[in-house]
Amino acid sequence: MKYPRLDIDCGKIRHNTQFLITQLSQKNISVTPVTKVFLGNPIIAQVLLDAGATVLADSRIENLNEMTSAGILATKMLIRTPMLSQVASVIKHCDISLNSEVEVVKRLSNVAKQQNRHHEIIVMIELGDLREGVMPDRVIDFVREIISLPNITIKGVGANLACRYGVAPDRQNMKTLSDLADGIEAAFGINLEIVSGGNSASINWALQHTGQTRVNNLRLGEALFLGCEPLDNRKIKGLYTDTVSLTAEVIESKIKPSLPWGKRGFNALGKREHIQDRGAVSQAIIALGRQDVCITGLRAPKGVKIISSTSDHLLLETSNKPLFLGEKVTFTLDYNALLSSMSSHYIYKFFNTSKCP
Ligand SMILES: *Cc1c(COP(=O)(O)O)cnc(C)c1O
């Protein structure tokens, strides 16, 4: 077997997806899985479709293409506002895109007309987290400018929260979104099919809210893949959180002093840390480094502590018995660790579909 390796339990991901689709459907909220953390992997895409999803979303056209080439026929949604320079491939490869710039939508319309295709858009609205979105008081004007563009349909509105500043979805901002949807429908006599309320950070709001809302869709990645709600970093009830693990191999294991010797300058990462003498320690090096994974997102097994890391080495200390040369150490991952390790060229990825009937 080759290392470092990521093991991905597709059966658990399928359970998580089915579970949330069912729970949220009781609130009339549909789930659009976001595949970016798995780079649009077609095995995962199929798992999501088997679990009941009908639309797949990704921030990268390359990932949406990957799925299409592999024969994944679901509707494809591009969730990062298109670059002007990629408008032609957006029309060619995506059915729906999220948008916040009039000029981009005009270009999408132009190209869609040329290619004799139809494209749907979701207008993103800024609700305070200050990433993408049209300012609320500009939304009506925005829609006015794009409403009659040929080969474009305004399928709905959406918002993204909790990414830049961790602004939480709540009754008030979700009401703003609902009211704006109502306002657009009234002003232009159209029907907005989708009101997309956010990402995994909206799970608690969605499951707990009572009363009226227009929000009928969430775009979910982390919740499905890690069973975790990112705002409070809490496990979501009923979901698996151990869907993925990262295993790497010990390449050196020795008793060494904890205090370095010799004249010290900056280390490999440009830092000069204060070091405390803790006497002799049981130190192991794992063949895994910053070029592979965001180290701060790894959780080591019991009795093993991550001490430091360089590009290619992860330094561990053990409290009781030392790790042996060649031993495999398995870590659990948070979203950043999963995103980075999936994106690393050096990590072998294994998709276990054996528990997927
Ligand atoms: C990444 C992303 C999501 C999914 O985020 P999760 O926290 O993984 O659920 C949803 N919407 C947009 C616009 C995104 O970029």
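The values are calculated or read from the model by the stated rules, or taken from the named source; none is laboratory data. The structure presented is a predicted model; accordingly, all values stated were derived computationally and were not measured. No Cβ is skipped: glycine too gets one built from the backbone with ideal geometry, and neighbour counts run over all protein chains shown.
Does segment 205-212 contain at least one residue that is of a type outside the set (Phe, Trp, Tyr), buried (at least 18 other Cβ atoms within 10 Å of the Cβ) and within 13 Å of the ligand (Cβ to nearest atom)?
Taking every residue of segment 205-212 in turn, at least one turns out to be of a type outside the set (Phe, Trp, Tyr), buried (at least 18 other Cβ atoms within 10 Å of the Cβ) and within 13 Å of the ligand (Cβ to nearest atom).
Candidates are the residues of segment 127-183 that are touching a residue at least 60 places away in the same chain (Cβ under 8 Å) and out of contact with any Asp or Glu (no Cβ under 8 Å at 6 or more places or on another chain); the one that is surrounded by the fewest Cβ atoms within 10 Å (Cβ to Cβ) is 168.
Flag not set for residue 244, criterion: in contact with an Asp or Glu (Cβ under 7 Å, 6 or more places away or on another chain), of a type in the set (A, V, I, L, M, F, W, C) and away from the ligand (no atom under 16 Å from the Cβ).
Can we say residue 264 is free of Cβ contacts under 8 Å to residues at least 12 places away in the same chain, of a type outside the set (S, T, N, Q), exposed (fewer than 13 other Cβ atoms within 10 Å of the Cβ) and not assigned by TED's automatic domain parsing to the domain that holds residue 176? When the stated conditions are applied, residue 264 passes them.
A quick yes/no check of all residues on (1) away from the ligand (no atom under 16 Å from the Cβ); (2) small (Gly, Ala, Ser); (3) more than 30 Å from residue 288 (Cβ to Cβ):
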position	(1), (2), (3)
2	yes, no, no
14	yes, no, no
30	no, yes, yes
49	yes, no, yes
81	no, no, yes
113	yes, no, yes
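Residue count for segment 59-83 under the criterion of being among the hydrophobic types (A, V, I, L, M, F, W, C) and farther than 15 Å from residue 132 by Cβ: the result is 7. When residue 122 is tested against (1) free of Cβ contacts under 8 Å to residues at least 60 places away in the same chain; (2) within 24 Å of residue 89 (Cβ to Cβ); (3) within 13 Å of the ligand (Cβ to nearest atom); (4) not in a loop (DSSP other than H, G, I, E, B), only condition (1) is not met.
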